[in-house]
1. When only Cα pairs under 8 Å and 6 or more residues apart are kept, what is the percent relative contact order across the chain?
2. To the nearest 500 deg cm²/dmol, what mean residue ellipticity at 222 nm is calculated for the chain from DSSP H runs of n ≥ 4 alone, each contributing -39,500 (n - 2.57), summed and divided by the residues?
3. Let me know the shape class of the stretch 4-458, please: from the alpha-carbon gyration tensor, a ≥ b ≥ c as square roots of the eigenvalues, rounded when a/c is under 1.5, otherwise prolate if a/b is greater than b/c, or oblate.
4. Packing-wise, with mean Cβ within 10 Å as the measure, how do 200-211, 291-302, 185-196 rank, highest first?
5. How many percent of DSSP beta bridges within the stretch 4-458 run antiparallel, rounded to 5?
6. Provide the packing ranking of 227-237, 243-253, i.e. peptides ordered by the mean count of other C-beta atoms within 10 Å per residue, highest first.
7. Would you mind checking the pairs Lys197/Lys264; Lys65/Lys153; Lys377/Lys419; Lys142/Lys253 and listing those with alpha carbons more than 18 angstrom apart?
8. If you take the square roots of the eigenvalues of the alpha-carbon gyration tensor of the stretch 222-292 and sort them as a ≥ b ≥ c, do you get rounded (a/c under 1.5), prolate (a/b over b/c) or oblate?
Amino acid sequence: MTSKENFRWGVSSSAFQIEGANKADGKGPSTLDKRKVRAGIADTSVAADFYHHWREDIQLLASLKVTSFRMSISWTRIFPTGTGSSNKAGVQFYDQVIDALLANNIEPVVTINHFDMPYALITQFNGWLSRKSVNAFANYAKFLFQHFGDRVKTWLTINEPLMVMYNPAFNGSHYQDDNRSTKANFLMLHHILLAEKNAIKLCHQLVVNGKIGPVSSFQNVYPASSHPEDVEAAMTAESILSYWALDVAVKGKYPEITYNRLRKLKLAPQVSPADQIIFQSAFPDFIAFNYYSSIRAEKYHTPTGFVIPFFDSPLFSIDMGPQRATKKWTAMEADPVGMGIAARKLYERYHLPLIITENGYADTEVPSTDSIVQDDKRIEYLSKHIAICEQLIEEGVPLWGYFIWSFMDSLSGREGFSKRYGLVYVNRTDTDLRDLKRTPKKSFYWYRDQIRDWRAKYD
Ligand code: BG6
């Protein structure tokens, strides 16, 4: 399972970013469907229209020769209002997708929840801010394990809890217009982490041979200088941004020193005896992490006004310094070595197998005259990161897989279709749906050959 022979070569996606059909066949609205996008930016109504193109897309996956496809399930396709009775048509959609993947020898790696919270749970009880969300999530996860667990054996819990806690468009505070406080954000995260524990426990109870792990947006933090105060700030930043959630998942408790510092600031959530029992009740089989680049921290000074809200903290300041990229779509320079450092930190702290569930390169792209996108910069970025995977395995890290973000062009965070990560070009723009034709980019063929060569070497 840990060696080169069984390595998962994959590509990633998430439901709201590719599916479209956001009102089809009984699907209920999610926070992402309700979000008001800026004028001229695509929304979730069509996205890459995977909902209607999945047969053809799975054929492309098969020709890419990936071993695994990371997808997420849309909570509101299964439970349109978050709880209650399941929606047959939604369940059937995922049955078909999962069966088709398996028929093509592609392992579905399923994220239970990738950012899209049922909107009904926001109006009922403020979503993750309420403890009621913990039970609603358990009910949803239980259904997935019972229904799909005979075929899906690798599960991911909740994508990037830190992003969810800080992004109003994901967690729903957007709609309450209540300028939620950092303290409330940490309470939401606390509920997410309780929900995650329940999912891990249920997976182990219900899925025969099932494996499950958390998905971290791991932030590899460098000190901005060797000044001890900057070094300390970087440790604190990493502890809040990465270990806060992962320590709960793997050790069943928050990191003590950071917890006490945040408690002093009246930001840390209360951990009741009942919570402690839940935190200690189940542990993951692996850690999944998404990695794009690294960051730098220094001793706290007045906020730098970074667009990413969790970079503003009273305990450190993020200053990218020479890491800051000048490119349009990335705030930080690529740092493949940083991915190796991240994996090393994770493995040496937790001693669990690792899966890199996202790594990718964004660009503004148009096909050239031969209709192929010549994405050499993406190939360069990916090849440097794949070389690090090989090195990690050689040095004894049980790396279970590497997944490129993303399989096809899809809705990007706040930038819709002008920012593209896919190995497959989808012919649409933010404002013009065109014909949604899929055309593999140069990187698609390059990745296919990488997989072929790797397998020829190790199978
Ligand atoms: C990850 C998310 O954080 O980053 C993906 O899990 C997302 O859903 C990816 O698309 C890239 O972010 P963005 O904002 O550039 O699309």
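1. Working: 933 pairs, mean separation 80.1, N = 459.
Dividing the mean separation by the residue count of the chain yields 17 percent.
2. Numbers: 18 runs with 192 residues, N = 459.
Computed ellipticity for the chain at 222 nm equals -12500 deg cm²/dmol.
3. On the way: a/c = 1.32, a/b = 1.13, b/c = 1.17.
Here the stretch 4-458 falls in the rounded category.
4. Details: 200-211: 16.8, 291-302: 20.1, 185-196: 23.5.
Final packing ranking: 185-196, 291-302, 200-211.
5. Numbers: 11 of 44 bridges.
DSSP beta bridges in the stretch 4-458 are roughly 25 percent antiparallel.
6. Working: 227-237: 18.5, 243-253: 20.5.
Per-residue mean Cβ counts within 10 Å order the peptides as 243-253, 227-237.
7. Working: Lys197/Lys264 26 Å; Lys65/Lys153 20 Å; Lys377/Lys419 14 Å; Lys142/Lys253 24 Å.
Correct reply: Lys197/Lys264; Lys65/Lys153; Lys142/Lys253.
8. Details: a/c = 3.18, a/b = 1.41, b/c = 2.26.
It is oblate, given that a/c is not under 1.5 and a/b is not larger than b/c.
The values are calculated or read from the model by the stated rules, or taken from the named source; none is laboratory data. Quick caveat, the model's predicted, so the values are computed rather than measured. Cβ coordinates were reconstructed from backbone atoms using ideal geometry, including for glycine residues, and neighbour counts include every protein chain displayed. For accessibility, only protein heavy atoms count, side chains too; no ligands or nucleic acids. Shrake-Rupley method; radii C 1.70, N 1.55, O 1.52, S 1.80 Å.
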